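Below you'll find the structure, written out as structure tokens, and then a few comments.
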Amino acid sequence: MKNIFVKLSKHSFIRIYDEGKLGYILNQRTELDRVYNDIGADFLSQITRTPRSLYEIVNSLLGIYKNVSREAISNDFLSFIEELHKYGFVEVAESINLFAVNEIPNQEVVLSETHKKENPGNQEKKSSRYFWFKHDATNPILRTLHVELTSKCNERCIHCFIPSSAKDVGVNMSLEHFKTIVDQFREMGGLSITLSGGEPILNKNVPEMLSYCRQKDLRISLFSNLLAINDNLIQVMKDVNMSNVQVSLYSIDSSTHDEITQIKGSFEKTFSAIERLKENDIPVTISCPLMKTNKDTMGQLIKFARSKNIFVKPDYIIMAQSNFDKTNLANRMSIEETEKALRDIIENDIEGIHIQESNASLIQEEDYQELPLCSAATHTLCISANGNVSPCVTLTGIIAGNVYKQSLMEIWNTSEKLKLIRSLRQRHFQKCISCEAKKYCKMCIGQNYCESGGDIFKISQNFCDIAFLTKRVVEECYTR
């Protein structure tokens, strides 16, 4: 048996769930993943960030499969590794020394955003999301955590769902509390953590927080306007191998961007910071909520982003504020303005239409009625800077507990409010089950909650109008 050495790639993460019966691997750069049961989970559990020899791995597996020959296990594991290596999940070398000098050919597979959508791996990603929908319906696992590091913010965006009063007199999460939360999350099998605010960089402990997330082997994302970024933080971001930095950029016209943030000079700072992140090979995604103020500039933004190989996430559904104030909805586009913006997106970047598909597009019809609405309380939670736990970032008004007073696991397992959200199924929204536009509907119970004054079941007509609009425009695009 020829010996080789195997290790997990720096962009990949492995988790073992369901008492060892379910294995999961994800590459944060390609966004490809795999889910394995039984033997595959056992094989996956043998792969670590430290190189291990085939001899060592096979010896370990012989302790599990006592009636199987060494040759059979070796051949099966080699086939398993070959597939993982092909798509950049693992690194393989004939000598352990080659890892140190970085002489391994085809070490990483990095796909462009366009290639992701054309590559069969994109369909596999959809398949895995469908698997998790079914799995989490009966066996929820907390895999994703959204942590608000501060409620303070240095912008006053006119559309924001966070009330300005919360940004003025805000609180910061302490480093001690943050580490405790991360420790508990990791013990529960946590994989992905998103740090946000407010504006998270206003918390002076962000560098240490990022570094601690890396120590705990988490996939790290940051939502920021980047106004307060500095050289030290950029270096830390590079060192911890960020999965993504999502930044709000509302236009490449400075006056339009600044009009939305209500901070003069904010465009120049954010734009410059994006370029600095790209220079340091830190992944960036531009988030661009569309509204009356910037509705005519989306095409220009897409062209700029494409020139920098940056993915843009346009969103034309503005939600009411978390305190039920709907004043900010004055910035919401009319249905006619939304149609023009959507056609602008498609004209400038045909791949942009893919982001309009909802979770319903993943779900097979025979399963549709009995599956969860979304990830809220089934695999994700949100924690505010004051320790309050909510089902997701759009449902901060529903407080399930407080991590400064209870453990994260206790809240996850016992909160009646989480159980209620977790119990919701597609069938609870009868109006939506037979809707012809459900594949394109972005109906969100959090947005329902904020716009209706606290009723998660009261669907805004805006969702319905935009869903049917999107269906019509996208289908027209495909049949040209």
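The values are calculated or read from the model by the stated rules, or taken from the named source; none is laboratory data. From a predicted model like this one, the values you see are computed outputs, not experimental measurements. Reconstructed Cβ throughout: ideal geometry from the backbone, glycine too, with neighbour counts over all protein chains shown. What goes into the accessible areas is simple: the full protein's heavy atoms, side chains included, and nothing from ligands, DNA or RNA. Shrake-Rupley method; radii C 1.70, N 1.55, O 1.52, S 1.80 Å.
Observations
- Test: residue in the stretch 410-429 that is touching a Leu at 6+ places or on another chain (Cβ under 7 Å) and charged (D, E, K, R): yes
- Residue match in the stretch 89-102 (condition: open to solvent by 80 Å² or more (accessible area, probe 1.4 Å) and either closer than 24 Å to residue 192 by Cα or at pLDDT 90 or above (or both)): no
- Across the stretch 168-189, the qualifying residues are those that are over 24 Å from the mean Cα position of the chain (by Cα) and not in a loop (DSSP other than H, G, I, E, B), and the one among them that is surrounded by the most Cβ atoms within 10 Å (Cβ to Cβ) is 168.
- Of all residues in the stretch 296-314 being open to solvent by 50 Å² or more (accessible area, probe 1.4 Å) and not hydroxyl-bearing (Ser, Thr, Tyr), the one that is nearest to residue 440 (Cα to Cα): 313
- Residue within the stretch 206-217 that is without any contact (Cβ under 8 Å) to a residue 40 or more places away in the chain and buried (at least 20 other Cβ atoms within 10 Å of the Cβ) present: yes
- Test: residue in the stretch 446-467 that is among the basic types (Lys, Arg), part of a helix (DSSP H, G or I), open to solvent by 30 Å² or more (accessible area, probe 1.4 Å) and touching a helix residue (DSSP H, G or I) at 6+ places or on another chain (Cβ under 8 Å): no
- Test set (1) open to solvent by 50 Å² or more (accessible area, probe 1.4 Å); (2) outside any helix (DSSP H, G or I); (3) within 23 Å of residue 470 (Cβ to Cβ); (4) aliphatic (A, V, I, L, M) - residue 317 fails condition number: (1)
- Contacts under 8 angstrom Cβ, first residue in the stretch 243-272 being in contact (Cβ under 8 Å) with a residue 24 or more places away in the chain, partner among the basic types (Lys, Arg), 6 or more apart: 243/219; 246/313; 261/156; 262/156; 263/156
- Residue in the stretch 16-29 that is more than 28 Å from the chain's Cα centre (by Cα), free of Cβ contacts under 8 Å to residues at least 40 places away in the same chain and surrounded by fewer than 21 Cβ atoms within 10 Å (Cβ to Cβ) present: no
- Residue among 417, 405 that is assigned to a helix (DSSP H, G or I), closer than 30 Å to residue 172 by Cβ and not hydrophobic (A, V, I, L, M, F, W, C): 417
- Filter pass, residue 374 being at pLDDT 85 or above and part of a strand (DSSP E or B): no
- Residue in the stretch 277-292 that is farthest from residue 230 (Cα to Cα), counting only those that are surrounded by fewer than 19 Cβ atoms within 10 Å (Cβ to Cβ), out of contact with any strand residue (DSSP E or B) (no Cβ under 7 Å at 6 or more places or on another chain) and in contact (Cβ under 8 Å) with a residue 12 or more places away in the chain: 292
- Boolean, residue 396 is modelled with pLDDT under 95, open to solvent by 10 Å² or more (accessible area, probe 1.4 Å) and within 23 Å of residue 191 (Cβ to Cβ): yes
- Subset of the stretch 219-233 that is over 20 Å from the mean Cα position of the chain (by Cα) and open to solvent by 10 Å² or more (accessible area, probe 1.4 Å) - its residue that is nearest to residue 313 (Cα to Cα): 227
- Residue 204 vs. criteria out of contact with any Asp or Glu (no Cβ under 9 Å at 6 or more places or on another chain) and part of a loop (DSSP other than H, G, I, E, B): yes
- Verdict on residue 404 being among the aromatic types (Phe, Trp, Tyr) and more than 25 Å from residue 466 (Cβ to Cβ): yes
- Of all the residues in the stretch 259-290, those that are touching an Asp or Glu at 6+ places or on another chain (Cβ under 9 Å) and either basic (Lys, Arg) or part of a loop (DSSP other than H, G, I, E, B) (or both) number 6.
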